[in-house]
Amino acid sequence: MELKDAVAVVTGANRGLGRHLAAQLVERGAKVYAAARRPETVDLPGVTPLRLDVTDEDSIRAAARTASDATLLVNNAGISTATPLIAGRLDAVRGEMETNFFGPLAVTRTFAPVMEGNGGGAVLNVLSVLSWLHPAGLGSYAAAKAAAWALTNATREELAPRGITVSALHVGYMDTDMAAGVPADQKADPADVAAQALYGIEGGLPEILADETTRYVRQSLAASPGGT
């Protein structure tokens, strides 16, 4: 997909990776709707702030009416509550599924006909190495991201006849607010991850593996019995 003159909707664009994705899309000549639950927190020059709460279908529909020229959807918004599946609160588990799985599903369902009507386009789902690696202490997040990986693969097949490609971005810990409390030795630079993601979209890659840890885990999965 050619990013120059693309029209992008980036969810969770007010901070972290989403902010870098929006900024780099502007640099590449795209029109960018920087979506956030509180659009007043978007402070990037050159973007159009857009109110969008991925857990609120009325909000999603309203955003699609505003961004009716969209050709690229970046499902970046997400949460992590460090909730284990057995000992953790069930409402926290449901909250992560609502934001990290049902959210991108609802946004994609709403924007797919918009992009199709504009001649096709692309979807990027921001996933995680924890789509494949499932530590108990992050069980809720890992389960949601694993479900989002399945969502990505299934919608890729479903949307291809409509001229819409679907890519997955997998990455380990990044130097963002979400991972601020994680004592990881090395965290990926979100600016570098954003650049890799955009190159992947341009190249039509189905999977974009943004760091060494992610590449190692993906290779191990492929070599395992039953690996995909």
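The values are calculated or read from the model by the stated rules, or taken from the named source; none is laboratory data. Here the structure is a predicted model, which means the values were calculated and not measured. All Cβ positions, even for glycine, are placed from backbone atoms using ideal geometry, and neighbour counts span all protein chains on display. These accessible areas exclude ligands, DNA and RNA; they are computed on the full protein's heavy atoms, side chains included. Shrake-Rupley method; radii C 1.70, N 1.55, O 1.52, S 1.80 Å.
Numerical summary
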quantity	calculated
Sequence of R51, R109, R28, R218 from largest to smallest accessible area, 1.4 Å probe	R109, R51, R28, R218
Region 20-122 - percent of accessible surface contributed by carbon and sulfur, probe 1.4 Å	51
Angle in degrees between helix 190-203 and the longest Cα principal axis of the chain, rounded to the nearest 10	60
Computed lengthening from L85 to R15, 0.36 nm per intervening residue step minus Cα-Cα distance	22.4 nm
Gain in span if fully extended, R65 to D192, counting 0.36 nm per residue against the direct Cα distance	42.5 nm
Over region 1-112, equivalent-ellipsoid semi-axes from the Cα gyration tensor in Å	26, 15, 12
Spin-label model distance (nm) - D58 vs E40, 7 Å beyond Cα toward Cβ	2.0
Cut-off 11 Å between beta-carbons: net charge of the residues surrounding L3, Lys and Arg +1, Asp and Glu -1	-1
Taking region 1-152 and dividing mean pair separation by its residue count, relative contact order in percent (alpha carbons under 8 Å, at least six apart)	22
Qualifying lysines (Cα of each under 22 Å from Cα of K4; at least 8 residues distant if same chain)	K31
Per residue accessible area in Å² of region 1-58, where ligands, DNA and RNA are left out and the probe is 1.4 Å	48
Helix-only mean residue ellipticity at 222 nm for the chain, each DSSP H run of n ≥ 4 adding -39500 (n - 2.57), per residue, nearest 500	-13000 deg cm²/dmol
Rule-of-thumb Rg ratio for the chain [Cα; 2.2 N^0.38 Å; N residues]	0.95
Radius 15 Å from Cβ of R218, net charge of other residues (Lys, Arg +1; Asp, Glu -1)	-1
Exposure of E116 as accessible area (Å², to 10), given a probe of 1.4 Å and all protein chains	80
Environment charge at N76 (Cβ cut-off 11 Å; Lys +1, Arg +1, Asp -1, Glu -1)	+2
